[in-house]
Amino acid sequence: MERALHPRQGRVGAAIIGLVAIWVVGSILAAQAPPSSTEAQRQAMQKLAFLAGHWSGRITVVRGPGEPLKATQTEDVQYKLDGLVLLIEGKSTDADGKVIFSALATVSYEDASKAYHFRAYNEGRYLDTELTVPGNGFSWSYAGGPAHVVNTMHLTEKGQWQESTNVEMSGAPPRRVVEMLLDKQP
């Protein structure tokens, strides 16, 4: 004698079959995709190892007409997540030691696209862009409205962190708005 299924039993069985189907399809797709290599990511991130540590020095910021702002800049750089992410915390302080600018950034490497990703946070805003790593330095850029911003950093022959930011507006020649020179601290 056949026993009729309770409606609830039919739904549970269908849900189990659906979950198994999702697992099978997911397994097939995962087998086709190349695996992400955390070791390749760590190796790529080691190209930025020269940044790790505590840096400080002078920064000059041009914000418009008038005298440029001069301050002390610090950059604290450390690896996180077993070398997969670089965390950069920057602060500018005035002559009285008051923080007048602070930012936090992360750098990571995606082995599938072979690209470095830079995400920076400041005053409730953030920026996501690609980071290029040529030798002992880095650069990133973005377009915002009519402005194109380019930031470039490199190590000098003396091992100093030299960084500048240039802004180009509507085809006008680039204008330097930030210049900084930092020494690595013991």
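Since every read-out is calculated from the coordinates, none of them should be taken as a lab result. What you see is a predicted model, and the numbers here were worked out from it, not measured in a lab. Positions of Cβ are generated from backbone atoms using ideal geometry, with glycine treated the same way; all protein chains shown enter the neighbour counts.
Annotations
- Counted residue by residue at 0.36 nm each, then reduced by the alpha carbon distance between them, the extension gain from ILE100 to VAL62 reaches 12.3 nm.
- Projected label points at VAL133 and LEU84, each 7 Å from Cα along the beta carbon direction, are separated by 1.5 nanometres.
- One quarter of the surface of the convex hull around the alpha-carbon atoms of the stretch 143-183 equals 3.0 nm², the direction-averaged projected area.
- In this rough spin-label picture, where each label sits 7 Å from Cα along the Cβ direction, the THR152-ARG175 distance is 1.9 nm.
- The stretch 38-185 has equivalent-ellipsoid semi-axes of 25, 19, 14 Å, by the square roots of 5 times the alpha carbon gyration tensor eigenvalues, sorted largest first.
- Cross-link partners of LYS184 among aspartates and glutamates, defined as those whose alpha carbon lies under 12 angstrom from its own and excluding same-chain residues fewer than eight positions apart: GLU75, ASP76.
- Taking the Cα centre of the stretch 38-185 as reference, the dipole from Cβ charges on Lys and Arg (+1) and Asp and Glu (-1) amounts to some 180 debye.
- Subset of LYS114/LYS158; LYS47/LYS70; LYS47/LYS98; LYS80/LYS114; LYS91/LYS114 violating a 28 Å alpha-carbon distance limit: LYS114/LYS158; LYS47/LYS70; LYS47/LYS98; LYS91/LYS114
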